[in-house]
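The values are calculated or read from the model by the stated rules, or taken from the named source; none is laboratory data. Fair warning: this is a prediction, and the values are worked out from it, not measured in the lab. Cβ: placed from backbone, ideal geometry, glycine included. Neighbour counts: every protein chain shown. Just so you know, the surface numbers come from the protein's heavy atoms only, side chains and all, with ligands and any DNA or RNA stripped out. Shrake-Rupley method; radii C 1.70, N 1.55, O 1.52, S 1.80 Å.
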Amino acid sequence: MMTMEGVVLKLPSFTQLMNPNHFTNRTSLNFRFTFPKYSSSSTASLSVPAAAPVSLGHSTRPDFEILHQKVNNGSKLVYLDNAATSQKPSAVIDAVNNYYRSYNSNVHRGIHFLSARATDEYEMARRKVAAFINASESSEIVFTRNATEAINLVAYSWGMSNLKPKDEIVLTIAEHHSAIVPWQLLSEKTGAVLKFVSLTEDEVPDTKMLQELVSKKTKLVVVHHVSNMLASVLPINEIVQWAHDVGAKVLVDACQSVPHMVVDVQNLGVDFLVASSHKMCGPTGVGFLYGKSELLAAMPPFLGGGEMISDVFLDHSTYADPPSRFEAGTPAIGEAIGLGAAIDYLSEIGMQKIHDYEVDLANYLYESLGTVPGVRIYGPAPSATVHRAALCSFNVEGLHPTDIATFLDQQHGVAIRSGHHCAQPLHRYLGINASARASLYFYNTKEDVDDFVRGLVDTVDFFNSFK
């Protein structure tokens, strides 16, 4: 009687498929087949090449449930608005849910179990932030509502105490409104003067001009690390050196760099640095300020209330040491814990790995978008020495950016940004009122870029058909 045995396939596990390093040695997939014989059996072995390595975008997408949905007319969602806010992995959502389900309580004020655990987790999140940006100690990290509040904290606490009439603050015209408006308000109160750096022909902030503007009158330099419109990266080390040479301090808006690359505040030498949780896979409603310990210790409170005090009397109060001095009232406890979970998630992947992947993705986006007829991309062209961030702000001749964004969303499920991206002075300098912006993160793929470009070509064709 003839019998037939089953087919045995030795395949990689799911976790191995999700790990691109598993395939670095091009290991073969061995298929072992047992064929029926009347009198004896034999084994045939078949070797085939290994599958191509799985990209970081493909391997991490399963962690982001929101990306796996249909929108509008049934199109799959292609999320390319990461410079505005990032999506959250399941680990972050679970961490926030676990706080509210298991140990919701106020921090620092209770001795009971829930309060003690909430306090431990909240302060652990602070230590995670400090380690993530290599602060020398966790007390140099102040939790805020967002990066905007962090900048305002420095403006009102450090600025009001240290600036006087005719002192100068140097900024670039490419700053986010959050890094311009607080200093305008402070200038009105103190008489300090704002000096602005323009762009080079390559559409990057003119660092030579910045160096020339920095003088003995300069008390503070405020710059972004990565531009949220131009995708350019500033040489922070050099800027810090120029500022410190004349005794000025440096505040860096790192909202577009901390989520995408290794940021080491001790190596950079910055005095203040701000970032937002929601742009780095964390919850909304929390951000942080890094400040050198000696600067924070000398700064007066920003807001008054509970937690930031040492003793309160009817005629005066004394204040807690940093960071508590700058965290008046009940903080965003669950959100800070969620930020800590986001840092764990990013750290497990590796920030250098994220950066390397995004540099390749940025080049692919720039080159692909450049093939669309009539497109104008702002910022520097990528090269061997110029690495753009993974975003492109652009316009298409004859089309309004909001029309482009609307059609892409409604007809193709592609989510991009349109408007001035909180950078009106920069847009005016470039001679435009608005632009469209596609911005990527590590969970995006080249297929996302292809879908975007195909949708954009269709969008251009649609509107041009009416001309």
Just wondering, is there one or more residues in the range 233-254 that are under 22 Å from Ile337 (Cα atoms), outside any strand (DSSP E or B) and either open to solvent by less than 20 Å² (accessible area, probe 1.4 Å) or in contact with a helix residue (DSSP H, G or I) (Cβ under 6 Å, 6 or more places away or on another chain) (or both)? yes
Counting just the residues of the range 328-352 that are closer than 23 Å to Lys88 by Cβ and free of Cβ contacts under 8 Å to residues at least 60 places away in the same chain, which one comes out most open to solvent (accessible area, probe 1.4 Å)? Glu348
Which condition number in (1) assigned to a loop (DSSP other than H, G, I, E, B); (2) over 26 Å from Gly304 (Cα atoms); (3) open to solvent by 10 Å² or more (accessible area, probe 1.4 Å) is the one that Lys164 fails? (2)
Taking the range 353-372 and keeping only residues that are assigned to a loop (DSSP other than H, G, I, E, B) and open to solvent by 20 Å² or more (accessible area, probe 1.4 Å), one is left with Gly370, Thr371
I'm trying to understand the selection: among the residues of the range 203-218, which are in contact with a Lys or Arg (Cβ under 9 Å, 6 or more places away or on another chain) and among the charged types (D, E, K, R)? Lys217
Scan (1) open to solvent by 30 Å² or more (accessible area, probe 1.4 Å); (2) within 14 Å of Leu80 (Cα to Cα) for the single condition Gln424 breaks and write down its number. (2)
Got at least one residue in the range 93-110 being under 26 Å from the mean Cα position of the chain (by Cα) and among the small types (Gly, Ala, Ser)? yes
Matching residues in the range 171-205 - criterion: being β-branched (Val, Ile, Thr) and in contact with a Phe, Trp or Tyr (Cβ under 8 Å, 6 or more places away or on another chain): Thr172, Ile173
Filter result for Pro283 (surrounded by fewer than 23 Cβ atoms within 10 Å (Cβ to Cβ), of a type outside the set (A, V, I, L, M) and within 30 Å of Ile349 (Cβ to Cβ)): yes
Out of Ser418, Ser383, I need the residue that is open to solvent by 20 Å² or more (accessible area, probe 1.4 Å), under 28 Å from Asp202 (Cβ atoms) and without any contact (Cβ under 8 Å) to a residue 12 or more places away in the chain. Which one? Ser383
Among (1) of a type in the set (S, T, N, Q); (2) touching a strand residue (DSSP E or B) at 6+ places or on another chain (Cβ under 9 Å); (3) closer than 25 Å to Val204 by Cβ; (4) open to solvent by 10 Å² or more (accessible area, probe 1.4 Å), where does Asn444 come up short? (4)
Residue among Leu296, Leu273 that is buried (at least 22 other Cβ atoms within 10 Å of the Cβ), assigned to a strand (DSSP E or B) and of a type outside the set (D, E, K, R): Leu273
Restricting to the range 69-128, give me the number of residues that are under 28 Å from Ser257 (Cα atoms), assigned to a helix (DSSP H, G or I) and either of a type in the set (Gly, Ala, Ser) or touching a His at 6+ places or on another chain (Cβ under 6 Å) (or both). 4
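Run down Glu140, Glu149, Glu123 and say which single residue is of a type in the set (D, E, K, R), modelled with pLDDT of 95 or more and surrounded by fewer than 19 Cβ atoms within 10 Å (Cβ to Cβ).
Glu123
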Among Ser215, Ser178, Ser187, the single one that is open to solvent by 10 Å² or more (accessible area, probe 1.4 Å) and in a loop (DSSP other than H, G, I, E, B) is Ser215
Restricting the search to the range 53-68, which residues are in a loop (DSSP other than H, G, I, E, B) and either in contact with a Cys (Cβ under 8 Å, 6 or more places away or on another chain) or not hydroxyl-bearing (Ser, Thr, Tyr) (or both)? Pro53, Val54, Phe64, His68
Ala390 is checked against (1) among the small types (Gly, Ala, Ser); (2) at pLDDT 95 or above; (3) surrounded by fewer than 23 Cβ atoms within 10 Å (Cβ to Cβ); (4) closer than 18 Å to Ala362 by Cβ and fails just one. What number does that condition carry? (3)
Within the range 43-65, tally of residues that are open to solvent by 70 Å² or more (accessible area, probe 1.4 Å) and modelled with pLDDT of 95 or more: 3
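Can you tell which of Val396, Val375 is touching a Phe, Trp or Tyr at 6+ places or on another chain (Cβ under 6 Å), in contact (Cβ under 8 Å) with a residue 12 or more places away in the chain and surrounded by 13 or more Cβ atoms within 10 Å (Cβ to Cβ)?
Val375 is the lone residue from the list that is touching a Phe, Trp or Tyr at 6+ places or on another chain (Cβ under 6 Å), in contact (Cβ under 8 Å) with a residue 12 or more places away in the chain and surrounded by 13 or more Cβ atoms within 10 Å (Cβ to Cβ).
Across the range 301-327, what is the total count of residues that are open to solvent by 50 Å² or more (accessible area, probe 1.4 Å) and assigned to a loop (DSSP other than H, G, I, E, B)?
Residues flagged as open to solvent by 50 Å² or more (accessible area, probe 1.4 Å) and assigned to a loop (DSSP other than H, G, I, E, B) within the range 301-327 amount to 8.
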Do the conditions hold for Thr85, that is, is it modelled with pLDDT of 95 or more and of a type in the set (Ser, Thr, Tyr)? yes
Which pairs have Cβ atoms under 7 Å, sit 6 or more apart or on different chains, and link a residue in the range 449-467 that is within 13 Å of Pro373 (Cα to Cα) and modelled with pLDDT under 95 to one that is open to solvent by 80 Å² or more (accessible area, probe 1.4 Å) and charged (D, E, K, R)? none
Please list, ordered by first then second residue, the pairs with beta carbon atoms under 8 Å, 6 or more apart or interchain, first in the range 280-307 and among the charged types (D, E, K, R), second at pLDDT 95 or above and assigned to a helix (DSSP H, G or I). Lys292/Glu140; Glu307/Ser324
